[in-house]
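Input: a single structure, listed below in structure tokens.
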Amino acid sequence: MTNRAIIECLNAKAPFSLAEEWDNAGLLIGSPDREVTRVLVTLDATVGAIEAAKAIGAELIVTHHPVIFSPLKVLASDSIPYALAAAGIDVISVHTNADKAVGGVNDVLAARLGLTDLRATKDGFCRIGQLSEPTNAHAFAKMVAEVLDTAVRVNGGGLIRTVAVCGGSGGDFITPLASEIDAFVSGEVRHHQWLEANALGVTVIEAGHYATEVSIVDTLCHWLNDAFPTLAVTAYYDNAPYNTVR
């Protein structure tokens, strides 16, 4: 087994050609010809993930968020990329291509929230679906919080039936989709986007970047396990990188 074979598997499920131009998905540390026997799958390549990979002898970490996003001017000895290279651990990141992919981040999020009759937006990022029964903003927000095990913020108060979801930072999509939906669920929403949503009469539920995307870890593990039954694949879940305090 090599990194190249794993890249081909991931490309078949979430084509890297779907990644945004500004993104940095693919093999970010290591060689495509590196032999791999053990893989750690996680949302982010954190210190905890690196230690977990070392503990199981993983040669490769597969992440959702790119371990290198902007061009590096300095490879500092206290940085995550340096630690990975020093430990001899390669990294493949599957980012916006997994957001858009069939069965990826947003399909999983929509399924967890019980949406049906799903369709993708033209850009491929968001999913729009239907609740089984109309509900109000408070009840829907409470359901999202319970299903995703997270604190949420919510506005609005009208009945909700048609819902759009976008894991991670999806606030930019609220206004373009406003005429098609009753509610929008995402991980991060900026102040001016809340104001726009209020003016447009769209209920918004902000559930946290981590909580709206972490389920992709299970999905990536399933993809790899199905393709490579003899490959040792381990899921690693860090806690969200913040606490909510009232």
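The values are calculated or read from the model by the stated rules, or taken from the named source; none is laboratory data. Just so you know, these numbers come straight off a predicted model, no measurement behind them. Note: ideal-geometry Cβ built from the backbone for every residue, glycine included; neighbour counts use all protein chains shown. To get the accessible areas, we keep the full protein, side chains included, count just its heavy atoms, and leave off ligands, DNA and RNA. Shrake-Rupley method; radii C 1.70, N 1.55, O 1.52, S 1.80 Å.
Take residues that are in contact (Cβ under 8 Å) with a residue 24 or more places away in the chain and surrounded by 17 or more Cβ atoms within 10 Å (Cβ to Cβ) and tell me which of the helices (runs of 4 or more DSSP H) falling wholly in region 163-246 contain 3 or more. Full working, then the answer.
Details: elements: 174-177, 191-200, 209-213, 216-227.
So the answer is 209-213, 216-227.
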Count of residues meeting criterion [within 14 Å of residue 48 (Cα to Cα) and touching a residue at least 40 places away in the same chain (Cβ under 8 Å)] in region 85-99: 1
Selection count, region 53-106, where residues are among the polar types (S, T, N, Q) and closer than 18 Å to residue 210 by Cα: 5
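From 37, 2, 42, which residue is hydroxyl-bearing (Ser, Thr, Tyr) and closer than 24 Å to residue 210 by Cβ? Show your work before the answer.
Numbers: 37 fails: closer than 24 Å to residue 210 by Cβ; 2 fails: closer than 24 Å to residue 210 by Cβ.
Answer to the check: 42.
If I ask for residues that are at negative phi and not in a strand (DSSP E or B), which ones from region 148-162 would you list? Step through it out loud before you land on a result.
So in region 148-162, the residues at negative phi come out as 148, 150-155, 157-162.
Those that are at negative phi and not in a strand (DSSP E or B): 148, 150, 151, 152, 155, 157, 158, 159.
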Hits in region 74-84 - residues which are without any contact (Cβ under 8 Å) to a residue 12 or more places away in the chain and of a type outside the set (A, V, I, L, M, F, W, C): 77, 78, 79, 82
Given (1) open to solvent by 50 Å² or more (accessible area, probe 1.4 Å); (2) more than 22 Å from residue 237 (Cα to Cα); (3) in contact (Cβ under 8 Å) with a residue 24 or more places away in the chain, index of the condition residue 11 fails: (3)
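Looking at the structure I just gave you, is residue 32 assigned to a loop (DSSP other than H, G, I, E, B), open to solvent by 30 Å² or more (accessible area, probe 1.4 Å) and out of contact with any Pro (no Cβ under 9 Å at 6 or more places or on another chain)? Write out each step before concluding.
Values: assigned to a loop (DSSP other than H, G, I, E, B): yes; open to solvent by 30 Å² or more (accessible area, probe 1.4 Å): yes; out of contact with any Pro (no Cβ under 9 Å at 6 or more places or on another chain): yes.
Answer is yes for this residue.
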Members of region 68-84 that are under 15 Å from residue 50 (Cα atoms) and small (Gly, Ala, Ser): 77, 79, 83
